[in-house]
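The values are calculated or read from the model by the stated rules, or taken from the named source; none is laboratory data. The structure presented is a predicted model; accordingly, all values stated were derived computationally and were not measured. A quick note on method: Cβ atoms are made from the backbone with ideal geometry, for glycine too, and the neighbour counts reach across all protein chains shown. Areas reflect the complete protein model, heavy atoms only, side chains present, ligands, DNA and RNA absent. Shrake-Rupley method; radii C 1.70, N 1.55, O 1.52, S 1.80 Å.
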Amino acid sequence: MVHHHRYNLLKKSGDEEAGTLLFLYYRRRRPNLLSVLFLSLLSCTFILAPHLFSASSSLSHLCSFGVKNEGFVGNIDVNAPLCSSIPNGRICCDRSHFRSDICFMKGDVRTHSPSSSVFLYSSKSNNGFISYVSSMIDDGEQEEHDELQHEKIKPYTRKWELSIMDTIDELDLISKRANLGVHHPCDVIHNVPAVIFSTGGYTGNLYHEFNDGIMPLYITSQHFNKKVVFFILDYRNWWVIKYGDIISHLSDHPVIDFIGDNRTHCFTEAIIGLRIHDELTVDSSLMRSNESIVDFRNLLDRAYWPRIRGLIQEEEQETVDKKMSISPTSGSVFDYQARKPKLVILSRNGSRAIMNENSLVKTSEEMGFQVQVLRPERTTELAKIYRSLHSSDVMIGVHGAAMTHFLFMKPGSVLIQVIPLGTEWAAETYYGEPARKLGLKYIGYKIKDRESSLFDEYDKDDPVLRNPSSFTKKGWEYTKKIYLEDQTVRLELRRFGKRLARAYYCITGIHPQSSLE
């Protein structure tokens, strides 16, 4: 009689979730095999009944005890990315990419920093059936069955590097039934989506700050048109200050420290993790409005324009204060030099430094370049570096993280990358190819062994000199120790002069005044 009463309640509910909840209840009661079969058949009956007696019914529906996904799979374009469409009350995680995972939550989304969690409360199935089944579950078991879905994610874009991912904070994404009560009342209600990501890992290295953070943040959030809130795991205040100009052009809202802010923030939509395309690249075919790396570069223009204008005004005021003559300006905030093409040398200290840098400056000036030696420090304001490189026609640098500054150059400019021994693949992959995508004229200068400091440390027939790939194939640690940390370069200026002459011609269409060919 009791079972008959339950049957009638279930039949009235007509809810697919009935099968799931009955399964959870009877699983805890350890039923015999016959009971399990009966319950399985019964739950399938309730799921299929509305379709079996409909003229448009189909027997293709499957019976499942998992969280139902009606209106999800069937509504997704097969050519669209996974999780491109998600209904309210759902968590969808795309873990198909080699570089990063990304999850989406839609509905009643609430942060809970003390437990490093984000909760999603589902209001579905409020017809009384859930309350009925819950009343049959022991009080001690209710919390377990309160969860509809539980995902874990480390929102950093280098998921294949297990050692660095071990240092990234992990978030729990938990979907619960709101019918059983909401345990995290809202302290702050936002009317815009949230994007949650980490600034941990390799942050502190310029290449990784752009490649693993800033560009993926642009890729993931730019379609919100600044109507988005950023939450940061592994929060670093200096990072927020350093990239504040860019962040303010991606979001109208203050950045929030996920762990440091104990308030419960509530949203209707959240993205956890960032999309990443390739090395320092925005793939237009994967963007909603076909944005490219050039569009990202234009964003940098808008981000740094106000600060650069301020820098120029400060310099002009200093000139007035010193009662020096002021030459007329073109009205641009970017200090263009019309008479000579401008060449910027990115100077390094220690590893991969150009040991005859002064001679390189002299040679470049003799060719007709106006030369600036730029020595970026960790604390150097990015707007000042941006100003120098945006107004340059040519940039020279040795392979390393500082080459990331090519993003600050105008399309059509020339990038000359000095490639030390053992770095040829990395130089092309990380900077050469992305520079060409930006529209720069890229010139790679692969040094000969006699231009390397390693030439004085190893026998001329040593594989370190003759066959660097045999060492780089052994792994990153070999490359780092031998070719990145222990190597400097001394350019053969007669040979390197050919690249300078080529760059001069690319910019001016004129053969240089002097050459060492």
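Before moving on, here are some points about what is shown:
- Region 342-508, relative contact order [Cα under 8 Å, separation at least 6], %: 26
- Annotation: amide H-H contacts under 5 Å for Ile153 (H modelled 1.01 Å from N, sequence separation of 5 or more, or interchain): Leu171, Leu173.
- Surface per residue (accessible, 1.4 Å probe) for region 342-508, Å²: 43
- Cα principal axis extents for region 377-464, largest first, Å: 45, 29, 18
- Estimated at 0.36 nm per residue, the fully extended path between Ser470 and Val188 surpasses their Cα-Cα distance by 95.8 nm.
- Counted over region 342-508, the DSSP beta bridges are approximately 5% antiparallel.
- Extended-chain gain in nm, criterion 0.36 nm per residue less alpha-carbon gap, Arg502 and Ser359: 49.6 nm
- Its alpha carbons give region 208-331 an Rg and a Dmax of 18.5, 59 Å.
- Zone of Asp456's modelled label, taken as backbone nitrogen in region 486-510 under 11 Å from a point 7 Å along Cα→Cβ: 488-490
- Point-to-point label distance, Arg309-Ser289, nm (Cα→Cβ direction, 7 Å offset): 2.2
- Each residue of region 302-318 is assigned a 3J(HN,Hα), and the resulting list reads 5, 5, 9, 3, x, 5, 5, 4, x, 4, 5, 4, 5, 5, 5, 5, 4 Hz, derived from the Karplus form 6.51 cos²θ - 1.76 cosθ + 1.60 (θ = phi - 60°), x at Gly and Pro.
- The Rg/Rh ratio for region 342-508 is 0.96, where Rg is the radius of gyration of the alpha carbons and Rh is the Kirkwood radius.
- His150/Thr429 FRET efficiency (R0 41 Å; Cβ-Cβ; nearest 0.05): 0.65
- Set Lys441/Lys480; Lys106/Lys159; Lys384/Lys410; Lys227/Lys437; Lys242/Lys384; Lys340/Lys410 screened for pairs whose C-alpha atoms are more than 20 Å apart: Lys441/Lys480; Lys106/Lys159; Lys227/Lys437
- Take the Cα of Met165, step 7 Å toward its Cβ, do the same at Gln317, and the gap between the two points is 5.1 nm.
- The HN-Hα couplings worked out from phi for region 381-392 by the Karplus form 6.51 cos²θ - 1.76 cosθ + 1.60 (θ = phi - 60°) are 5, 4, 4, 5, 5, 4, 4, 5, 7, 5, 8, 8 Hz, whole numbers, x standing for Gly and Pro.
- For region 342-508, the fraction of 1.4 Å probe accessible surface lying on carbon and sulfur atoms is 46 percent.
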